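All of the numbers you see were taken from the coordinates with simple rules; none came from a lab. Everything numeric here is computed off the predicted structure, so don't read it as measured data. Note: ideal-geometry Cβ built from the backbone for every residue, glycine included; neighbour counts use all protein chains shown.
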Amino acid sequence: MLFDVDYLARQLLMDVDGDDAGTLLRSWPTMVAAAEDLWASLPGWRPGVDERDRPMTSLAAQAATIEASLAGRKAWPGQGPTNPRLEQMTQTLISAAALVRRYGAEIPHEQPEAHRDLEAARARIMHGLYLTAHAVNVALHDNGRDRVNDARESGRRVHLAQHHSPYAVAPTGAWLDRMTACENTAHSYLSDRFAQALAGVAIRPVEDPSRLTQALANWDIQSHRALACQLEPSNILLITRTQGLIAGASMVLVDAAATAGILEPSDRLVPAIADAGRSWSDLASRWSDLAPPGARIQEPLSRAAAEVRAAYRQMTHDASTLVSPEVIAGRPGLPQAVTATLRAVEAGSELAHVVAEKADNRNLTGSARTLSRRAHNDIDSGMVAAPPEGDVVWVSPADILARRWVPLPKPVATALRAASAAAATASGAASRESSLHLPPARVGGIPSDRGRGRDSRTHAGWRPLGATKSRGVTL
């Protein structure tokens, strides 16, 4: 669960912008309170005694001050929606605290292994807060920069700040000071400790070889259910990001399977999956422009995506480190995991076509400022042909100044459809390559190639674990 919080915080930091500043600031105190509650629930905690707890106590006090200031203000950011990603992290921390309180008494925390694992948990909690605080600071900085640019475009004079950043202008400057203090407090705990603490995390052996198979099957169901419902860009954003993650993890597992002798080496399979992963990631960046800051993701879809991440990490990582193919090759359940991930890549082609259909919706909207930048960037990069009339103002300056949500400009809509088509094409190529390396389906215990168009006895690419080859024939 802490890995999931860390992952979400990293995702937040990668695509945060100025429009997120208000929602992030309102959500920050609640997240810190949940983290403090989890921290206090860990076995061996004694309030006010241990020096290591002081940064968390100080961070909680700073967040409480921010919350009190927000409650008493009518000026920006005022009352309004909170950030769904911070809410998801907060709920995960709350659930983790409930589990620790329920089972924490069973942990012999005096033992060295348990003590090191608890230290790793504390470091992971603080690291999630550190990343999130930095993301809030980035959003506040971008918000201030947008305000400065708007003032310059309207001919108004603006006084740049003299500390932190020239864009720490009112009303964001005071909040930048407070969030910088929070970030520094979290950093003081992690400094010279984070890597050492994570090295002591207790790694449980893989007890359920079918976990990845079940996670990917549930993901396939939930993603199709989400796409069958009313169009929600936030859901499509999560779907495209998770498909990119599946492609990246699949390359790791395929490499390990080739090392273990489960799959025949192929010079086309991994490049095809890599191309599909890049296409999914590019498509995700475009849908992120269309996801409203306060949009909520369907909980079953969110849980399914989190389980996919956790199941892959169990196969490919030790603590925070991606292990070598040789280590993965020795882990139990690798044949099932490889089969499941190849089937997920194979099924990605159909999912890409469904997502592409959503790109044709004429009611899609996005932030005026973001879409204006995207339109000009797509033309400059050659993704969309430049208009014959020359430079065009695709989004009204008044809409940008008022931070309105507007329909997609023509270049953005065209590029979104092109990126969707590219993802469908790349996923189709990866699907075909994956199907060639899948084991034959079994019907009633008898190998079957129904729908594959080839003889299962000469199945290409797949070799059961422990099989040997003689005279070019798989035995």
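Points to keep in mind about this one:
- Extended-chain gain in nm, criterion 0.36 nm per residue less alpha-carbon gap, Asp360 and Ser58: 103.7 nm
- The GluC sites (Glu not before Pro) of region 110-163 that meet both conditions, a loop assignment by DSSP and at most 11 other Cβ atoms within 10 Å of the site Cβ, are Glu110.
- Dipole in debye (nearest 20) - the chain, about Cα centre, beta carbon charges: Lys, Arg +1; Asp, Glu -1: 620 debye
- Placing dummy labels 7 Å off each Cα toward the beta-carbon, the span from Glu350 to Ala161 is 5.2 nm.
- Estimated dipole of region 55-171 in Debye, rounded to 20 [Cβ of Lys and Arg +1, of Asp and Glu -1, Cα centre]: 540 debye
- Tail weight of P(r) past 39 Å, computed on alpha-carbon pairs of the chain, percent: 32 percent
- Table column - 3J(HN,Hα) (Hz), region 265-275, Karplus curve with 6.51, -1.76, 1.60, x for Gly and Pro: x, 9, 8, 10, 5, 5, x, 5, 5, 4, 5
- What the Cα convex hull of region 18-147 gives, in volume per residue, is 104 Å³.
- Cβ-placed point charges (K, R +1; D, E -1), dipole of region 2-198 about Cα centre in debye, nearest 20: 580 debye
- Relative contact order for the chain, counting Cα pairs under 8 Å that sit 6 or more residues apart, in percent: 16 percent
- Label sites at Glu153 and Ile94, each approximated as a point 7 angstrom past Cα along Cα to Cβ, lie 3.9 nm apart.
- Normalised by 2.2 N^0.38 Å, with N the number of residues, the alpha-carbon radius of gyration of region 211-438 equals 1.11.
- Interchain or long-range residues, amide H under 5 Å from His317's placed H: Val323
- Across region 221-228, rounded Karplus estimates of 3J(HN,Hα) from the backbone phi angles (6.51 cos²θ - 1.76 cosθ + 1.60, θ = phi - 60°) give 5, 5, 5, 5, 5, 5, 6, 7 Hz, Gly and Pro being marked x.
- Gain on full stretching of the segment that runs from Ala75 to Arg193 - 0.36 nm per residue minus C-alpha separation: 38.5 nm
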